[in-house]
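Trainee: I am attaching a structure below and will ask some questions about it afterwards.
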Amino acid sequence: MLEGLATGFTTALSLQNLAFLLTGCVAGTFIGMLPGLGPMTAIALMIPIAASLDPVAGIIMMAAVYYGAIFGGSTSAILINAPGVASTVPTALDGYPLAQQGQAAKALRVAALASFSGGIIAALFLLLAAPTLAKVSLAFQSSDYFALMILGLVCVAAFAGPGGMLKALLMTVIGMMLATVGTDQTQGIPRFTLGSVDLIDGISFLLLVMATFALAEALLNILGKTGASGRTLNPVVMGGDRLSKSEVRDISPPVVRSSVLGFFVGLLPGAGATIASFLAYGTEQRLDRKPLPDKDKQGRQPFGQGSLKGLAAPEAANNAAATGSFVPLLTLGLPGSGTTAIMLGALIAYGIQPGPMLYVSSPEVFWSVIVSMWVGNIVLLFLNLPLIPYIAKILYLPRQLLMPLVLFFSLVGVYLVSFNTFDLFLMILLGLAAVAMRLLDYPMAPMILGFILGGLIEENLNRALLIHDNSWAFIWERPLTLTILMLALLVLLAPLVSGLVRRKHQTPAD
Amino acid sequence: MQRHRVGATIIFIFCAVYGWMAFDIPAIGAQDQPINAATLPKFLALLGCTLALKLFFSRQPEPDPLGRLNWKRLLYAVACMLIYAVIIRRAGFIPATTFFLAATFWVMGERRIWRIIAVATLVSGIFWLLMTQLLGVYLPPWPEV
């Protein structure tokens, strides 16, 4: 492990990779700060640039964009009460009141410190858990991977929230359908190409991500769905950012608790940063022994009115979960969230297959991603924080200039990879379809997961059948495959069973 | 009709058309294998249609109202993108991008002509310079004769 760490540090701290890490952090903060544009859009927008770099630099930059965007999202949540993504909603609950009380700088510092601690603690767990899990998963065969990917898809759908499971499952199926467009990998037969040469290679992952996230997000903004269109905001009072000793003592336990909680929630496929931050906020609110709606003697605000604990807890959990979600990605090649699915797609585009073999075949990628998380968190704390008042100026730029620029970067990002105008037309079509589905309240992340895992599922199933003489018996003869598939079935049926039980209990009362 | 039912209907039609097209995929040389190039698409079509029907007949909480949406502005923005896709190669990168940015700034409600021209020209020029000089990506700046 020490040798791996040394490799990671040497690679991540090389001058070139440090420069990309810095660029990624700052660019991620910029994009993540724009209301409506979350980490997924940020990574999608950066893929064309990352694609021109070598794999290690590209992955380091995208990981940096990821946590930079999370940090940026928190900034807009605190300064203008516009959480870029769902996971920063709890941040706005206490961060925005603090900014309104003229303590924006202090709120940003607490958010940055909590994110930093969450990231560092989770990266430590990642360091311990990932190699062990990678070694264990070396025993996995194609059939087990097939089962694992089914479990991953089912988990994402199951965690979609009340009433959302069917929609999430449908979007996953649509993602898998889009993955079947193009030449079949095993037999070389063209499928759903409509006779077009441009579709022989299938729909590019970059095009789909750009269309459904960056382009769709900008189009929704143009449509006026996100509300802030055309509005120029007034700068808030930043105030001093010094934290007293008692304040540090006050927020330390919630930060540690939330970091550990966030990491473990992040490990679960589909749970991710949103559940982690809400869970951490709820837990700390319950643990708080100050139910009075006023300030206490030490000037501490209650939850919802500018509590530093209420701000620190979700921030720590949020960042820890983001790090935690890298464990299944790096060790099993299984993306636990939409963001890690995009990362997986980018890795595959580089010719790197994440999974247990990544630890063996490309240790420099594996370790430098882990080390870059530490370095990235340090960069965010020491470089981004002082720059926030300047970076935050982007929030006060008129939307009528910003949104066309997002459209431009999305279109050009795809065009520069293929130089094919057909891709632009396809992208506009998919972007409009994504807008329609978003307006109808259908989630997009399961579709991306379905798209990425669809091809892999078919590939692993084909390989498993080939290994087992074209027999389906591997499903029940291989205990590991059977266990994982049973687990997937359990996850799929659990909400249905609990719904039935609840209905049965309610009937006599009615 | 409830919003989730509109979505379910659209997806059902999409899945049905996809399934119908899946029957056109030839299964050459794969008779002895349990799965072929058409197996997964047929399964997905069946699964998609079933789930869409289940969603259509399920009861879902009514989501928040959409509010007032500016469809005209979206239509103009899409038109600008389509024109950009048509002219990017023919007109060259710099003129096409300047036109696209200026047009979308106007569509978004910016009315200060000098600001529109300055930002559109600067962004397309600087981006072209970055791509060609720094990243070594060749982009024809003007129409190719």
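What follows draws every value from the coordinates through simple rules; no lab data is involved. Note that this is a predicted model, so its numbers are computed, not measured. No Cβ is skipped: glycine too gets one built from the backbone with ideal geometry, and neighbour counts run over all protein chains shown.
Trainee: Which of A:SER244, A:SER410, A:SER142 has the fewest other C-beta atoms within 10 Å, and how do the rest follow up to the most?
Mentor: A:SER244, A:SER142, A:SER410
Trainee: Among A:MET40, B:MET131, A:MET444, A:MET373, what is the fewest-to-most ranking by other Cβ atoms within 10 Å?
Mentor: Least crowded to most crowded, the residues run B:MET131, A:MET444, A:MET40, A:MET373.
Trainee: Taking 0.36 nm per residue of sequence separation and subtracting the Cα-Cα distance, how much length would be gained by fully extending the chain between A:THR7 and A:ALA51, in nm to one decimal?
Mentor: Computed gain between A:THR7 and A:ALA51 is 13.6 nm.
Trainee: Once you charge only the Cβ atoms, +1 for Lys and Arg and -1 for Asp and Glu, what is the size of the charge dipole of the protein assembly as shown about its Cα centre, to the nearest 20 debye?
Mentor: In total the dipole reaches around 2120 debye.
Trainee: Here's something else I'd like to know. What is the ratio of the Cα radius of gyration of the stretch A:301-389 to 2.2 N^0.38 Å, where N is its residue count, to two decimals?
Mentor: Computed over Cα atoms of the stretch A:301-389, the ratio equals 1.36.
Trainee: Mind listing the long-range amide H neighbours of A:ARG191? Cut-off is under 5 Å, sequence gap 5 or more, other chains count too, H placed in the peptide plane at 1.01 Å from N.
Mentor: A:GLY182, A:THR183, A:ASP184
Trainee: While we're on this one: I'd like the distance between the alpha-carbon centres of the stretch B:57-109 and the stretch A:328-357, rounded to an integer number of Å.
Mentor: If you average the Cα positions of each part, the centres end up 32 Å apart.
Trainee: To continue, here is another question. If you count, for every residue in A:397-405, the Cβ atoms of partner chains within 10 Å of its Cβ, what is the mean?
Mentor: Mean number of neighbouring Cβ atoms from other chains: 6.
Trainee: Would you mind getting me the FRET efficiency between B:ASP64 and A:THR483? Use the beta-carbon distance for r and R0 = 41 Å, nearest 0.05.
Mentor: 0.50
Trainee: Tell me which chymotrypsin sites (Phe, Trp or Tyr not before Pro) from the stretch B:1-94 have a DSSP coil assignment and no more than 12 other beta carbons within 10 Å of their own.
Mentor: In loop regions of the stretch B:1-94 (DSSP not H, G, I, E or B), the sparsely surrounded chymotrypsin sites (Phe, Trp or Tyr not before Pro) are B:PHE23.
Trainee: Okay, moving on. How many partner chain Cβ atoms sit within 10 Å of a residue's Cβ in peptide B:40-50, on average, as a whole number?
Mentor: 5
Trainee: Please state the shape class of chain B: rounded when a/c is under 1.5, otherwise prolate if a/b exceeds b/c and oblate if not, all from the C-alpha gyration tensor.
Mentor: oblate
Trainee: Taking the beta-carbon count within 10 Å as an exposure proxy, list A:ILE275, A:ILE174, A:ILE452 from fewest neighbours to most.
Mentor: Least crowded to most crowded, the residues run A:ILE275, A:ILE174, A:ILE452.
Trainee: So what is the relative contact order of chain A, in percent, for Cα pairs below 8 Å that sit 6 or more residues apart?
Mentor: Once normalised by length, the contact order is 28 percent.
Trainee: Then there is this: Please report the Cα spread of the stretch B:71-134 along all three principal axes, rounded to whole Å, starting with the longest.
Mentor: Result for the stretch B:71-134: principal-axis Cα extents of 39, 26, 16 Å.
Trainee: So, one more: Grab the beta carbon distance between B:THR132 and A:LEU124, set R0 = 45 Å, and tell me the FRET efficiency rounded to 0.05.
Mentor: Result of the calculation: an efficiency of 0.55.
Trainee: Label 7 Å along Cα→Cβ of B:VAL17; the stretch A:178-192 residues with amide nitrogen under 20 Å?
Mentor: Hits in the stretch A:178-192 for B:VAL17 at 20 Å: A:178-183, A:191-192.
Trainee: Rounded to whole Å, give me the distance from the Cα center of the stretch A:181-213 to that of the stretch A:401-431.
Mentor: If we compute the Cα centre of each part, the gap is 17 Å.
Trainee: Need one value for A:164-174: mean number of C-beta atoms belonging to other chains within 10 Å of its residues' C-beta atoms.
Mentor: Across A:164-174, the average partner-chain Cβ count within 10 Å equals 6.
Trainee: Gain in length, A:ASP198 to A:ILE467, computed as 0.36 nm per residue apart minus the alpha-carbon separation, to one decimal in nm?
Mentor: Here the segment from A:ASP198 to A:ILE467 would lengthen by 93.5 nm.
Trainee: Working out 0.36 nm times the residue gap between A:SER418 and A:SER361, then minus their Cα-Cα distance, what length gain in nm do you get to one decimal?
Mentor: So the extension gain works out to 17.6 nm.
Trainee: Taking the Cα of B:LYS42, stepping 7 Å toward and past its beta carbon, and measuring to each backbone N in the stretch A:461-493: which are under 17 Å?
Mentor: Residues passing the 17 Å test: A:462, A:472.
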